[in-house]
1. Once you keep just the Cα pairs under 8 angstrom separated by 6 or more residues, what percentage relative contact order results for the range A:2-425?
2. Using only the Cα atoms of the range A:97-154, what do you get for the radius of gyration and for Dmax, in Å?
3. When only alpha-carbon atoms are used, what values of Rg and Dmax, in angstrom, describe the range B:1-87?
4. Checking the table A:Lys88/A:Lys297; B:Lys42/B:Lys169; A:Lys110/A:Lys198; A:Lys106/A:Lys273; A:Lys198/A:Lys233 against a 31 Å threshold on Cα-Cα, which pairs fail?
5. Which one, B:Gly87, B:Cys135, A:Thr243, is farthest towards the positive end of the dipole of the protein assembly as shown when Lys and Arg carry +1 and Asp and Glu -1 on their Cβ?
6. Which of the helices in chain A meet the span-like rule: DSSP H, Cα axial reach of 20 Å or more, Kyte-Doolittle mean at least 0.5?
7. Which whole-number value in Å³ per residue fits the convex hull of the alpha carbons of the range A:264-403?
8. Which is farthest toward the positive dipole end of chain B among B:Tyr17, B:Phe37, B:Pro157, measuring Cα position about the Cα centre, with Cβ charges +1 (Lys, Arg) and -1 (Asp, Glu)?
Amino acid sequence: MSRLIGMLILIAVVLVGLVGLSAVFYLAAGGLAFVFASLGLPPSFGAAIANVVTLMLVVMMISASLLTVAERKWSALMQNRIGANRIKVFGTSLGGIPFLLADALKMLTKERIEPAQSTRLLYELAPALAFAPVFALFAIVPIGPALPLHDIIGSASLGATKIALQVAQPDVGLIYLFAIASLSVYGTSLAGWASNNKLALLGGVRASSQMISYEVSLGLALVGSMIAFRSLKLEEMVLAQGTPVIGPIPALGILLQPVGFLVFFASAFAESKRAPFDLPEGESEIVGYFVEYSGMKFGLMFLAEFIEIVILSGIVTAVFLGGWHPLVVNTEWLRQTVSPLWFGAICAASFLVKMILMMWLQLTIRWLLPRFRFDQIQKLCWKIMLPAAIANVFITGAALLIDPSMKLLAWIGAGTLVAIAAITAAAGRAPAPAVEEHGHAHAAAGH
Amino acid sequence: MPYQVENRPPDLRERMYFPEIIRGIGTITRHFVRNFFFARDKNPDILERRRGEFGVSDNVTLAYPEERAAYAPAYRGLHRLVPREDGKPRCVACYMCATACPAQCIYIEAGEYPDDPIEKYPVKFVIDEMRCIVCGFCVEACPKDAIRMDSGEHSPPSYERAAQIWDEKRLLRGPPISYQYDPWLRRGSPSIPADKLEEMRARARPFHTVATDEYSQTPGFSVRALAAEAKERAARSK
């Protein structure tokens, strides 16, 4: 029972810590915006620079590196093991977190091995090409709501400027996501090509064919959400998800677009090249497109996968799970109750909590499923995901054409969710067909 | 526990794939939550652990160096040369173990006690633990119960190969053993002081119990009990 109490305290501490951290982020963005404004520069630049540091370097990088530990520790908990606990700090293993430092040290101090006759330039460039696009993706994830600058800093002269916990707010929104995400295929396929290794080449070819296939359904899965929310910008999608649609239930993306959610989640999972879609890196057959990479060059590719988990969690949270709306309390009520800074902090913290839950879900699926065969992967993409996504687009469009207030769409989505729940909850296998005496004899003989 | 799996094609619900994945997530989540919130039962006998109920985790592993599973009594561990109560080895340097050893990892040099005209003793008794295949033939071959593998230890790791070569000084350890039929107890020995001899005689056991000992056998199987039964049967039939 002491562990139960400790874990509950830990969860409470983490929640409070996330709220505090978000408040610090807002203060950093507001402070730098204020400094830029007093220097005569646009304050939004200052906020963007502060957000790059706080969101991309702190939130994204730290959660990605913590995920490397979480993958071991959470998988251990799922498999009834104890998990990594050998590095002890003052007698406690701290949940395996010191392994982060040990892993980084190992990656950085490993011997650099370079294959002979590799294409040197591309070989050196590939890890950066795999890492950089993934890294840049987090720029459009809206972690916190836009707040007026004077509410954060308290200086009335800067009233018009709004500060959001979002690095960039491009008008293209999700198109930016698709454009940059499809760049990361260059890193993997170039790594496979430039290593001068046939196994690496096979891995690179597999990676490129898999990623290019799934980009189609990835894009089409989000088209339904774009139609429903009438916007490409993630921050506007999040705002639209705050409006009630059926009674008090807000118009969450997962309610309006359950099929889009499933297809997007599976496609993005395939894009991140992790189990059960880890064909490009089968340890037992071809080692993978990074077989010739050692040390931190491998580490960059390894980290890119974990960053993709964080990105996917962020996008799913923003598009399908209501973004920064803390669903346990009403957003408008919260806005009027607490001061603007704490309103923003609580909202951003609820976004982070949803993100953590989505990361956990991805690791769960990664440890749940065995990997697909390659033909199964392509079949899943072209024969199931793509038709489902296209049908979803047409049904969404038709429903919005009939009823622009999204009520019909919400009812269709609710019906789909109920149907999925019913099929899931239905009893396991149908009872076995009756076996005649002959069959029994065979079974007893061990056939 | 083995059970038969019926091999039949998936039904429609299973071919839809998503419902089964969601069920799988549910199963894993149940394990995760239980293991996350509840402390584990640390009983090294894992089958005896409390599992699968509210308030305990489902854990089935040991934190190895701190917690260890007990070995079976028949476990063949590191050799030891069994000492007598006076601290000398029981070994009489008969070379039986070295002859029986299939790995030829035992080296013996025999010597004689200067004051005792009959008994020999090993001046050198060296076992190369790296070469030993842990077959236990030396223990079976020994007529004096002078070498045993009952220490329950692994041979400890070392950075040098030389440290894996165990000589008589390292091998001679563990509890001393004496038997009533030991020749040095029955006729006495000039190398054993008189008061020590009395103590050894007092502690001597009647039987030699190593390989067919009930401790080293399947529970419920006892050579001595079976022998007693047979004796009783023979007495009754007369």
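1. Relative contact order, the range A:2-425: 21 percent.
2. Over the range A:97-154's Cα set, Rg and Dmax evaluate to 20.0, 62 Å.
3. 22.4, 79
4. Beyond 31 Å between Cα atoms: B:Lys42/B:Lys169; A:Lys198/A:Lys233.
5. Selected residue: B:Gly87.
6. A:2-38, A:61-78, A:120-137, A:174-194, A:198-229, A:295-320, A:340-368, A:386-402, A:407-425
7. That works out to 147 Å³ per residue.
8. Projecting each Cα onto the dipole axis, the largest value belongs to B:Tyr17.
Each value in this text was obtained by applying a stated rule to the coordinates, not by laboratory testing. Computed from a predicted structure; not experimentally measured. Reconstructed Cβ throughout: ideal geometry from the backbone, glycine too, with neighbour counts over all protein chains shown.
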